[in-house]
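Working notes, beginning with the structure itself.
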Amino acid sequence: MRWLPQPVQVLPEVEPLVTITRSQPFDDPAFLFEPQYRGRRALLYVRGPGAWFQTTAGGVALGFEELACAARRQLVDETLILDGVVIALDLDGKTDQRARSSGGSQLHYAAFDVLWRGRRDVRHRPLWWRKLALEQVIPRSRPILSRAYDVPEHGRALFRAAERLHYHGIVAKRRSDPYQEGVVWYRITARRPG
């Protein structure tokens with residue numbers, strides 16, 4: 001028998017799911033709620049030793065090469081596509097977009113979904129299953145890479161916390177939904193104190 005090299009895994013170009021604005025937070029056991037961080041949404045592609053961020057418009061996200069390489073070094077999986085947000089953290093570890101422009105920040109990637117793992121496209125799986133897979137991919141938070149946390153059922157409580165912590169708001173996602181066109185994620189923007 002002859003040995004044949006494995007073909008190189010080609011990762012698909014993924015169209016990120018969009019969020020639809022909803023005016024009021026809600027509670028629902030069918031949903032998971034996540035904080036919406038102030039930052040830049042990006043897909044993290046990992047293939048072999050390489051890694052790069054792709055923007056929601058489909059191009060390579062320039063300016064985040066070091067973060068992509070650092071995140072790659074903290075991941076065991078050889079082939080991945082993660083959905084998440086690049087955020088700037090100030091010296092206290094809080095999100096602060098102004099800190100990035102002034103140079104007083106550290107970039108961080110908070111992943112909230114896994115779309116591809118190994119040789120498997122997992123977008124057809126329900127969100128709750130993909131969240132379990134994400135826990136395996138990122139078992140603990142690190143200075144430049146973490147999982148975005150989620151709260152089952154209690155969107156109103158997370159919304160109040162998001163307002164207190166000055167997050168952009170929250171995102172509501174149905175636990176049973178796959179990652180495919182037609183799925184609706186709700187964005188509920190926090191009110192700013194007047």
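No value in this document is a laboratory result; all are computed from the given coordinates. Note that the coordinates shown come from a computational prediction; the quantities given were computed from them, not determined experimentally. Don't worry about glycine lacking a Cβ; one is built from the backbone with ideal geometry, like all the others, and counts go over all protein chains shown.
Farthest towards the positive end of the charge dipole of the chain, among the residues Ile138, Cys69, Pro126, is the Cα of Ile138, using unit charges on the Cβ of Lys, Arg, Asp and Glu.
Using R₀ = 35 Å, calculate the FRET efficiency as 1/(1 + (r/R₀)^6) where r is the Cβ-Cβ separation of Glu65 and Val184; round to 0.05. Show your work: numbers first, answer last.
On the way: r = 33 Å, r/R0 = 0.94.
The value I calculate is 0.60.
Classify the range 116-167 from the C-alpha gyration tensor, please: rounded if a/c falls under 1.5, else prolate or oblate depending on whether a/b exceeds b/c. Spell out each step's value before the answer.
Values: a/c = 3.21, a/b = 1.64, b/c = 1.96.
Judged from the Cα gyration tensor, the range 116-167 comes out oblate (a/c at least 1.5, b/c at or above a/b).
Show that you can apply the helix-only estimate: for the chain, add -39,500 (n - 2.57) for every DSSP H stretch of four or more residues, divide by all residues, and state [θ] at 222 nm to the nearest 500. Mind dumping the intermediate values first?
Values: 4 runs with 36 residues, N = 194.
It lands at -5000 deg cm²/dmol.
Where a ≥ b ≥ c are the square roots of the eigenvalues of the C-alpha gyration tensor, would you call the chain rounded, which needs a/c under 1.5, or, failing that, prolate if a/b is larger than b/c, or oblate? Let's see the in-between values first.
Numbers: a/c = 2.11, a/b = 1.35, b/c = 1.56.
Oblate.
In a simple Cβ point-charge model (Lys, Arg +1; Asp, Glu -1; nothing else charged), the chain has a dipole of about 140 debye relative to its Cα centre. Please say if the range 128-194 is rounded, prolate or oblate, where rounded means a/c under 1.5 for a ≥ b ≥ c the square roots of the C-alpha gyration tensor eigenvalues, and otherwise the choice is prolate for a/b larger than b/c and oblate otherwise? Oblate. Relative contact order of the chain, taken over Cα pairs closer than 8 Å and 6 or more residues apart, is 29 percent.
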